[in-house]
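Peer 1: Right, I'll just put the structure down here and ask away after.
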Protein chains: 2
Amino acid sequence: MEKDLVLFNKLATLLLQKEKEEPVAPIIPPDEMYTSIDISLEDAPASDAFFEETLEKLVLSTPRTASNQFFNQLFGGRISKATLGDLLAVLLNNSMYTYKVAGPQVGIEKEILHKICNLVGYGKDNDGTFAPGGSMSNYMAMLMARDACNSRIKNEGVQQKMTLYTSKESHYSIPKNATFIGVGREQVRYIPTDSYGRMIPEKLEEQIKEDVSLGFQPFFVNATAGTTVLGAFDELPPLSAICKRHNLWLHVDGAYCGGVIFSAKYKHLVAGIALSDSFSVNAHKMLGTPLSCSIIVTQHKKHLHDSFSNDASYLYQTDGDDYNLGKTSIQCGRRNDALKLWTLWKSVGSQGLEKIVDHQFDLADVARDYIKSNSDYTLYSFDDSISICFNYKNIPAQTLCTALYENSELMVGFGAFNDTEFVRLVTINSGNSKEDILDFFKVLENFVDNNLAFQKLDVLNGIH
Amino acid sequence: MEKDLVLFNKLATLLLQKEKEEPVAPIIPPDEMYTSIDISLEDAPASDAFFEETLEKLVLSTPRTASNQFFNQLFGGRISKATLGDLLAVLLNNSMYTYKVAGPQVGIEKEILHKICNLVGYGKDNDGTFAPGGSMSNYMAMLMARDACNSRIKNEGVQQKMTLYTSKESHYSIPKNATFIGVGREQVRYIPTDSYGRMIPEKLEEQIKEDVSLGFQPFFVNATAGTTVLGAFDELPPLSAICKRHNLWLHVDGAYCGGVIFSAKYKHLVAGIALSDSFSVNAHKMLGTPLSCSIIVTQHKKHLHDSFSNDASYLYQTDGDDYNLGKTSIQCGRRNDALKLWTLWKSVGSQGLEKIVDHQFDLADVARDYIKSNSDYTLYSFDDSISICFNYKNIPAQTLCTALYENSELMVGFGAFNDTEFVRLVTINSGNSKEDILDFFKVLENFVDNNLAFQKLDVLNGIH
């Protein structure tokens, strides 16, 4: 291992340096990938020299998600204390199913779950687990809801028409998961949103009543804390009241912005969260850990166990169920996704996590202020969001984002709300400074102004 | 990051040294965990010194799965070229859903899938993906089978009684997944096995016919390449013939021992695998990568896409579907589990992977020969398996394994077949030598002989 640790350090140093010098890696089009890097796997070993040379090329050609010009996803940047934890998780290589082979790493995971349940305000019968990504957290919530609604399904299968509810702006994993769990995509009801992208509670209740009258069995409402495009927060108290009236499971998908529970200033965005039945958050988004670090907690320990427990005498050989985490997981073998959040949290404290979250909102304010003060821009998103949605000089967002990408200028994507397409700038990299955000706009403007194609577009759009 | 890389290297060096000096970490009972290490997460940051001290304690108290005395799971050891790849994956932190943010890492994943499909012998319409663990690979196979049997289920939900088939010795994820997908645990048929732990094809066909006559809809047969306890291989040609007669999906769960496809000497154990509809293998088991590296391939690209594709215009913004791997994943954001296998495979070649696999069988031979030549032992497992199941001096396996663990002597587990419980020694750590295997027995024997409790057990059992 020692020799490959040396190689790792060499490549790490090179990558860190390149990320600063050249924040967007040179783009390789997919059809040139196999010719520009020797990715092929052969029967014979590669020589050490060729292997190292190829690996270096690969590392330096990989999109740089940690640089200060990556704004393309709902994650970005690198917080070294979290990365440290994940590097150690790789080396330690425990599987989280039993105390016997994970030892105190079980305590790490339980401590995180315990603290998050406390922050959410769940009662003493809470529990939770780590899922392989936010889609799978939502999946676990939906399964618990299905089984809580009808405990015979686990044994007998789905035998009735069940319906579930989510806003039009929610994540695509909701219908996908509905197909997976045997409920079916047609039973997903997309509730309209208000002008801020938030689910309209009255529309939800109307739809539930209609479904009941038609003989369907409603079982699940998915609220979103940070929608994928606008970063909107569904208002939880009215949704909770409706769920309680109709006996439905309320899940809060906080994959993107659930991290606001750490912030005194922004936790009002999820006011009422203690009323939910389950809540999920991706620490690899707002909290800045490496992928993936997805947490799902519930105030019904019983339902987590009912839906996911299993007997496997070959596996669970020592210690109580409370320490054998495989009993509440969708997986069997499971890598240690907890340590990276623990190293970060331990070192900076909850106060440090709060600063990380608040800084992202500060950066969003900087971006919105810039846009508002500049008439070449149109703003489409709202306050209290770290997604800043805008267009520049009416240039079609897709054209602009693709050109910025293909020219290795900036990594930023686009989205749409109510049929309007726009650039979506995500200020989730807490390593960025206000200058980095202003620089984003400078790079974009210079690119447009120096690019003949866009000048023509401007003319066509009648801007100049 | 640089400062934390220094800390990582310090802890890595310490761990590597400790693994050699003291292959089994001192055990901390669960109820002492929180007092012996300050796991707690606080509002305030920890001082650098306290953080480093606590983290060091944690790292050195974590079970050592890479040492030469870890035989407890279906993984173990550390192959440095694979670990190197996973360390780099942490630092690069790409999500594998799109080419835009994963770049040539997409090519890495596709190359691995392509090579594995070729080794299996699937035709040109093959495809595959990486799943978060072997249970989830089996899950994806079962879902494809469900949807291939009845394409309306995705939209309308499960509305019929569907049955699926697996051997009594197969993995517990099969019934667990049956609950998840809405089919139900009661619809799982456990087919009896022969004296070697292999599914009896005649019993399978009898059961299918009975289910059909009762109005059930059979859809899925799970065959196992390496059962969890004995390491047995179901015989694929007769199972395939039955599946073709009844139009059922045949999946081969090779999570544990699917790695034999790399070995000229042992691939006969999965003879007929090209006849299967899907096949899964965990590279973090026989191929020795860090957790997790689970691969599922199918010869029906269409069904992989039908069951898992999705539209998400906010996500898929550039490049074709063939390069946007999120379209065939159960997850949305997904960490890079491919790079660790690629760095290993590239550096040692397929020939090197073959040596890794063959060496595990060689070590198993060493263990079986030792047991056979020593009358204090009883052997319960069979040739061509890397699970060596035995009892020593008739000591109850559970008692022995727990005592070895609690005294930090050896990490090894137990299993059962036909109601007989035994120690299960797994020779999957290809970093081990024949001497390490012989040393395992020496440590075990010395422990028993120096332990008064076991001498009493011996007397009770009438051995001496």
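Peer 1: What are the residues in region B:266-285 that are part of a helix (DSSP H, G or I) and buried (at least 22 other Cβ atoms within 10 Å of the Cβ), if any?
Peer 2: B:Leu269, B:Val270, B:Ile273
Peer 1: Further, regarding this structure: I'm told B:Arg189 meets every condition in (1) in contact with a strand residue (DSSP E or B) (Cβ under 8 Å, 6 or more places away or on another chain); (2) of a type in the set (D, E, K, R); (3) closer than 23 Å to B:Lys301 by Cα except one. Can you identify the failing condition by its number?
Peer 2: With (1) in contact with a strand residue (DSSP E or B) (Cβ under 8 Å, 6 or more places away or on another chain); (2) of a type in the set (D, E, K, R); (3) closer than 23 Å to B:Lys301 by Cα applied to B:Arg189, the lone miss is (3).
Peer 1: Do you know which residues across region A:402-438 are within 19 Å of A:Asp362 (Cα to Cα) and either surrounded by fewer than 17 Cβ atoms within 10 Å (Cβ to Cβ) or touching a Gly at 6+ places or on another chain (Cβ under 6 Å) (or both)?
Peer 2: Within region A:402-438, A:Arg424, A:Ile428, A:Asn429, A:Ser430, A:Gly431, A:Ser433, A:Lys434, A:Glu435, A:Leu438 qualify.
Peer 1: In region B:155-174, how many are of a type in the set (Ser, Thr, Tyr) and under 16 Å from B:Leu230 (Cα atoms)?
Peer 2: 4
Peer 1: Could you tell me which numbered condition A:Gly352 fails, if it satisfies all but one of (1) assigned to a helix (DSSP H, G or I); (2) modelled with pLDDT of 95 or more; (3) within 22 Å of B:Ser294 (Cα to Cα)?
Peer 2: (3)
Peer 1: B:Phe441 - would you say it is under 29 Å from B:Lys265 (Cβ atoms) and touching a Gly at 6+ places or on another chain (Cβ under 7 Å)?
Peer 2: When the stated conditions are applied, B:Phe441 does not pass them.
Peer 1: Can you give me the number of residues within region A:299-340 that are part of a helix (DSSP H, G or I) and of a type in the set (Val, Ile, Thr)?
Peer 2: 1
Peer 1: Still on this structure, please answer the following. Could you pull out the residue among B:Glu205, B:Glu169 that is more than 24 Å from A:Met162 (Cβ to Cβ), surrounded by fewer than 20 Cβ atoms within 10 Å (Cβ to Cβ) and assigned by TED's automatic domain parsing to the domain that holds B:Ser280?
Peer 2: Answer to the selection: B:Glu205.
The rows are residues; the columns are (1) within 11 Å of chain A (Cβ to nearest Cβ); (2) buried (at least 24 other Cβ atoms within 10 Å of the Cβ); (3) touching a Cys at 6+ places or on another chain (Cβ under 9 Å).
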| site | (1), (2), (3) |
| --- | --- |
| B:Asn126 | no, no, yes |
| B:Tyr139 | yes, yes, no |
| B:Ser173 | yes, yes, yes |
| B:Thr179 | yes, yes, no |
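Peer 1: Also, I was wondering about something else. Quick one: B:Lys372 ticks every box in (1) touching a residue at least 24 places away in the same chain (Cβ under 8 Å); (2) more than 24 Å from the chain's Cα centre (by Cα) except a single one, so which number is it?
Peer 2: The number of the failed condition is (1).
Peer 1: Tell me the strands (runs of 3 or more DSSP E) entirely within region B:367-447 that contain at least 1 residues that are closer than 16 Å to A:Leu315 by Cα.
Peer 2: Those strands (runs of 3 or more DSSP E) span B:387-392, B:411-417, B:420-426.
Peer 1: Take the residues of region B:95-110 that are facing chain A (nearest Cβ under 7 Å) and touching a helix residue (DSSP H, G or I) at 6+ places or on another chain (Cβ under 7 Å): which is nearest to B:Asp321 (Cα to Cα)?
Peer 2: The extreme case among them is B:Tyr99.
Peer 1: Give me a count of the residues in region B:27-47 that are farther than 19 Å from A:Val101 by Cβ and more than 8 Å from chain A (Cβ to nearest Cβ).
Peer 2: 3
Peer 1: Tell me which residues, restricted to region A:28-44, are surrounded by fewer than 18 Cβ atoms within 10 Å (Cβ to Cβ) and of a type outside the set (S, T, N, Q).
Peer 2: Residues satisfying the conditions are A:Pro29, A:Asp31, A:Glu32, A:Tyr34, A:Asp38, A:Glu42, A:Asp43, A:Ala44.
Peer 1: May I pose another question? Is it true that some residue in region A:47-57 is closer than 24 Å to A:Gln360 by Cβ and not hydroxyl-bearing (Ser, Thr, Tyr)?
Peer 2: no
Peer 1: Report yes if B:Leu60 is at the interface with chain A (Cβ under 8 Å from one of its Cβ atoms) and either surrounded by 13 or more Cβ atoms within 10 Å (Cβ to Cβ) or assigned to a loop (DSSP other than H, G, I, E, B) (or both), otherwise no.
Peer 2: No: the conditions fail for B:Leu60.
Peer 1: Looking at B:Leu11 and the list (1) more than 7 Å from chain A (Cβ to nearest Cβ); (2) in contact with a Leu (Cβ under 9 Å, 6 or more places away or on another chain); (3) surrounded by fewer than 24 Cβ atoms within 10 Å (Cβ to Cβ); (4) farther than 30 Å from B:Lys327 by Cα, which single condition is not satisfied?
Peer 2: That leaves (1) as the condition not met.
Peer 1: Here is a check on your reading of the model: is A:Thr83 surrounded by fewer than 18 Cβ atoms within 10 Å (Cβ to Cβ), part of a helix (DSSP H, G or I) and among the polar types (S, T, N, Q)?
Peer 2: Taking the combined requirement at face value, the residue does not satisfy it.
Peer 1: Somewhere in region A:389-398, is a residue crowded, with 19+ Cβ neighbours inside 10 Å, away from every other protein chain (no Cβ under 14 Å), free of Cβ contacts under 8 Å to residues at least 60 places away in the same chain and within 22 Å of the chain's Cα centre (by Cα)?
Peer 2: The answer is yes; a qualifying residue exists.
Peer 1: Which of the following residues is in contact with a His (Cβ under 9 Å, 6 or more places away or on another chain) and not assigned by TED's automatic domain parsing to the domain that holds B:Lys115: B:Lys372, B:Lys355, B:Lys434, B:Lys393?
Peer 2: Answer to the check: B:Lys393.
Peer 1: Determine which member of the set A:Leu119, A:Leu88, A:Leu74, A:Leu92 is hydrophobic (A, V, I, L, M, F, W, C), within 7 Å of another protein chain (Cβ to nearest Cβ), in contact (Cβ under 8 Å) with a residue 60 or more places away in the chain and over 21 Å from A:Cys332 (Cβ atoms).
Peer 2: From the options A:Leu119, A:Leu88, A:Leu74, A:Leu92, the qualifying one is A:Leu88.
Peer 1: Further question on the same structure: Which one of these is in contact with an Asp or Glu (Cβ under 6 Å, 6 or more places away or on another chain) and at pLDDT 95 or above: A:Thr129, A:Thr163?
Peer 2: Every option except A:Thr163 fails the conditions.
Peer 1: Can you work out which of the residues in region A:144-157 that are in a loop (DSSP other than H, G, I, E, B) and within 9 Å of another protein chain (Cβ to nearest Cβ) is surrounded by the most Cβ atoms within 10 Å (Cβ to Cβ)?
Peer 2: Restricting to residues being in a loop (DSSP other than H, G, I, E, B) and within 9 Å of another protein chain (Cβ to nearest Cβ), the top hit is A:Gly157.
Peer 1: Test A:Gln317 against the stated conditions and say whether it is touching a strand residue (DSSP E or B) at 6+ places or on another chain (Cβ under 9 Å), surrounded by fewer than 24 Cβ atoms within 10 Å (Cβ to Cβ), within 11 Å of chain B (Cβ to nearest Cβ) and under 30 Å from B:Phe417 (Cα atoms).
Peer 2: Yes; evaluated as a whole, the condition is true for this residue.
Peer 1: So the check is Cβ under 8 Å with 6+ separation or different chains; which pairs have a first residue in region B:24-36 that's outside the structural domain of B:Val412 (by TED's automatic domain parsing) and a second one that's outside any loop (DSSP other than H, G, I, E, B) and among the hydroxyl-bearing types (Ser, Thr, Tyr)?
Peer 2: Once the first residue is outside the structural domain of B:Val412 (by TED's automatic domain parsing) and sits in region B:24-36, its partners that are outside any loop (DSSP other than H, G, I, E, B) and among the hydroxyl-bearing types (Ser, Thr, Tyr) give B:Ala25/B:Ser61; B:Pro26/B:Ser61; B:Ile27/B:Tyr405; B:Ile28/B:Ser36; B:Ile28/B:Ser61; B:Pro30/A:Tyr99; B:Pro30/A:Tyr323; B:Ser36/B:Ser61.
Peer 1: Would you point out which residue out of B:Val183, B:Val188 is buried (at least 22 other Cβ atoms within 10 Å of the Cβ), within 14 Å of chain A (Cβ to nearest Cβ) and either in contact (Cβ under 8 Å) with a residue 40 or more places away in the chain or aliphatic (A, V, I, L, M) (or both)?
Peer 2: B:Val183
Peer 1: Since B:Asn336 meets every condition but one in (1) of a type outside the set (Val, Ile, Thr); (2) within 9 Å of another protein chain (Cβ to nearest Cβ); (3) within 30 Å of A:Thr399 (Cα to Cα); (4) surrounded by fewer than 23 Cβ atoms within 10 Å (Cβ to Cβ), which condition does it not meet?
Peer 2: Going through (1) of a type outside the set (Val, Ile, Thr); (2) within 9 Å of another protein chain (Cβ to nearest Cβ); (3) within 30 Å of A:Thr399 (Cα to Cα); (4) surrounded by fewer than 23 Cβ atoms within 10 Å (Cβ to Cβ) one by one, B:Asn336 breaks only (4).
The values are calculated or read from the model by the stated rules, or taken from the named source; none is laboratory data. Here the structure is a predicted model, which means the values were calculated and not measured. Reconstructed Cβ throughout: ideal geometry from the backbone, glycine too, with neighbour counts over all protein chains shown.
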